[in-house]
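One structure below.
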Amino acid sequence: MIRVRFAPSPTGLLHIGNARMAVFNWLFARRHKGTFLLRIEDTDVVRSEKKYRDQLIGDLRWLGLAWQEGPDVGGPYGPYLQSERLHIYHDICQRFLQEGLAYRCYCTPEELEERRQIAKRAGQPPRYDNRCRNLSEQQKQAFETSGLNSTVRFKVPEELLVFEDLIRGTCQFDMSLFGDFVIMRSDGTPSFHFAVAVDDTLMQITHVIRGEDHLSNTPCHILLFHALGQKPPQFAHLSLTMGADRALLSKRHGAFSLSEYRKLGYLPEALLNYMMLLGWAPKDKKDKFKADDIIDTFEIGAMSKASSVFDQQKLDWLSGQYLREAEIERLVNLAIPYLQAADLVTSDENAIDMTALRLIVDTVRNNISCMSQITQEANIFFRDVVVSEQHVEFLSSEITQSILLSFYQELGKINSLSPEIFKDILKAVQKETKVNGKGLYLPVRIALAGREHGPELYAIANILGVDTCKKRIERFLLVKK
């Protein structure tokens, strides 16, 4: 049975790069009918917070991921919070000490830093020099008596370590360049290396799918798996996600975390679809697809070795496609909180004209890529429009005045509007003014909506109604009506 895991640290919001690792672990498990588990690596007690843990669980659920084991659902290999597994790490660390696989190190942080700088100046790798590995019992006793805190280091054999990566092929590392690494800190918490290897062993993880930034950690983990008497899992190191400037994705590239995209009102299925395109593409080269569509053809070995570039414009395009297809009731419910926050609709949902709101949302959905943009697009239906000085000057010209006057007069002949009636009115105005195309539509659009682009003009007029359309046109008429 294939078992994979996603193991984030709850020290901040879950960013897109990390969430992408969760997505491909989840896809891999579904592809092979395996188990996907969530493990929280919260041994950094200073930076880890419950609010971040709850947020990342909620965001992953919102994205559409489901795990069979985890801190919120339990499972046979728990607990799934590393902070609740400290006794396990301590027991195994003691075993390593007894078996001579590890030893106590009494070097202070200041001493270690000084040696790193010396090695750096000498052009040597800043590895630990293993000086505490062969301390005599007398030396150890002296350090203990002095009250010095100690870490525990794993003995690294000086050998060439080779392993096969499912994406990168054969990888090899000269372990003589590594030095003995810490597995237990002086405060009694396990190092990342140690906790990961212990947990992956005890939770019977068969495949470790993670970012290429962990590739250099893998040799240390393989050594620990061997020391634990465990065959190492298979590894697949995914390329990282970059911004358009080829720098690691960060806040300067815009929205950064899942929760930010969630707050902006992106549909989760659109974001999930886009994340699956970062470093992988289906064989049919389609950009828009659901996870269920590609489960049978997804292969981790087909992932690109090159870094993927996060393209906000492509995400917006894809998100817009999903918004156009979404059920209108869903979009209305998503729109209400944004409209309420902008004071465009009442906080009393029972008092909202839902019929009109459905029309508004359906009209503007083609012009937005996320639901938070609805306030900008829909405000013309709730508030009088503000027209720029440039547009006022445009509406003052003789030809546009004739168009507005003709349109206003045609509105005076009717009691109600519909898209069909509006189109008939424009035909009548065109016949009278001998103006067509953009020259005809633009003055009316600016007068009604205050902008040159937006939803279909007939839809805007239909929602505004006869009286509001007349009032907005009347503002710009400089001649006798």
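General observations
- Filtered by the rule that a residue be open to solvent by 30 Å² or more (accessible area, probe 1.4 Å) and either farther than 16 Å from S191 by Cα or free of Cβ contacts under 8 Å to residues at least 12 places away in the same chain (or both), region 102-114 gives T108, P109, E110, E111, L112, E113, E114.
- Within the span defined as region 25-37, every residue fails to be open to solvent by 50 Å² or more (accessible area, probe 1.4 Å), without any contact (Cβ under 8 Å) to a residue 40 or more places away in the chain and under 16 Å from the mean Cα position of the chain (by Cα).
- Test: residue in region 81-95 that is open to solvent by 40 Å² or more (accessible area, probe 1.4 Å) and part of a loop (DSSP other than H, G, I, E, B): no
- One residue stands out in region 178-192 among those that are open to solvent by 40 Å² or more (accessible area, probe 1.4 Å) and more than 16 Å from L112 (Cα to Cα): the one that is modelled with the lowest pLDDT, namely D187.
- Looking only at residues in region 273-290 that are closer than 18 Å to L238 by Cβ and open to solvent by 20 Å² or more (accessible area, probe 1.4 Å), the one that is modelled with the lowest pLDDT is A281.
- Taken over region 1-45, the criterion of being of a type in the set (K, R) and assigned to a helix (DSSP H, G or I) is satisfied by R20, R30, R31.
- F235 being open to solvent by less than 10 Å² (accessible area, probe 1.4 Å), at pLDDT 95 or above and within 19 Å of R85 (Cβ to Cβ): no
- Of the listed requirements (1) in contact with a strand residue (DSSP E or B) (Cβ under 9 Å, 6 or more places away or on another chain); (2) in a helix (DSSP H, G or I), W317 misses just one: (1).
- Every residue from region 358-399 that is among the β-branched types (V, I, T) and either assigned to a loop (DSSP other than H, G, I, E, B) or on the phi > 0 side of the Ramachandran plot (or both): I368, V385, V386, V387
- Close pairs from region 367-385: first under 14 Å from L464 (Cβ atoms), partner charged (D, E, K, R) and surrounded by 17 or more Cβ atoms within 10 Å (Cβ to Cβ), Cβ under 8 Å, at least 6 apart: D384/R472; V385/R472
- Scope region 195-249; condition out of contact with any Pro (no Cβ under 9 Å at 6 or more places or on another chain) and aromatic (F, W, Y); matching residues: F235
- Test: residue in region 395-414 that is open to solvent by less than 70 Å² (accessible area, probe 1.4 Å), within 30 Å of L249 (Cα to Cα) and touching a residue at least 60 places away in the same chain (Cβ under 8 Å): no
- Candidates Y103, Y89, Y77 - the one that is at pLDDT 95 or above, more than 30 Å from Y128 (Cβ to Cβ) and aromatic (F, W, Y): Y77
- Scanning region 128-163 for residues that are in contact (Cβ under 8 Å) with a residue 24 or more places away in the chain and open to solvent by 40 Å² or more (accessible area, probe 1.4 Å) gives D129, R131, R133, K140, F143, L148, N149, K155, P157.
- S48 vs. criteria free of Cβ contacts under 8 Å to residues at least 40 places away in the same chain and either open to solvent by less than 40 Å² (accessible area, probe 1.4 Å) or at positive phi (or both): yes
- Enumerated strands (runs of 3 or more DSSP E) restricted to region 172-262, each holding at least 2 residues that are of a type in the set (V, I, T) and under 29 Å from the mean Cα position of the chain (by Cα): 207-211
- Any hit, region 202-210, residues being surrounded by fewer than 20 Cβ atoms within 10 Å (Cβ to Cβ), closer than 30 Å to C107 by Cβ and in contact with a strand residue (DSSP E or B) (Cβ under 9 Å, 6 or more places away or on another chain): no
- Filtered residue count, region 294-308, keeping only those that are under 20 Å from A22 (Cβ atoms) and surrounded by 13 or more Cβ atoms within 10 Å (Cβ to Cβ): 9
- Test: residue in region 346-360 that is of a type in the set (V, I, T), farther than 19 Å from N462 by Cα and buried (at least 16 other Cβ atoms within 10 Å of the Cβ): no
- Any hit, region 9-21, residues being open to solvent by 10 Å² or more (accessible area, probe 1.4 Å), of a type in the set (S, T, N, Q), closer than 23 Å to I295 by Cβ and in contact with a helix residue (DSSP H, G or I) (Cβ under 7 Å, 6 or more places away or on another chain): no
- Selection of region 391-435 for residues being among the basic types (K, R) and under 18 Å from R472 (Cβ atoms) yields only K413.
- Residue in region 133-148 that is in a loop (DSSP other than H, G, I, E, B) and within 42 Å of the chain's Cα centre (by Cα) present: no
The values are calculated or read from the model by the stated rules, or taken from the named source; none is laboratory data. Note that this is a predicted model, so its numbers are computed, not measured. Neighbour counts are summed over all protein chains in view; Cβ atoms, including those assigned to glycine, are modelled from backbone coordinates with ideal geometry. Note: areas computed on protein heavy atoms with side chains; ligands, DNA, RNA excluded. Shrake-Rupley method; radii C 1.70, N 1.55, O 1.52, S 1.80 Å.
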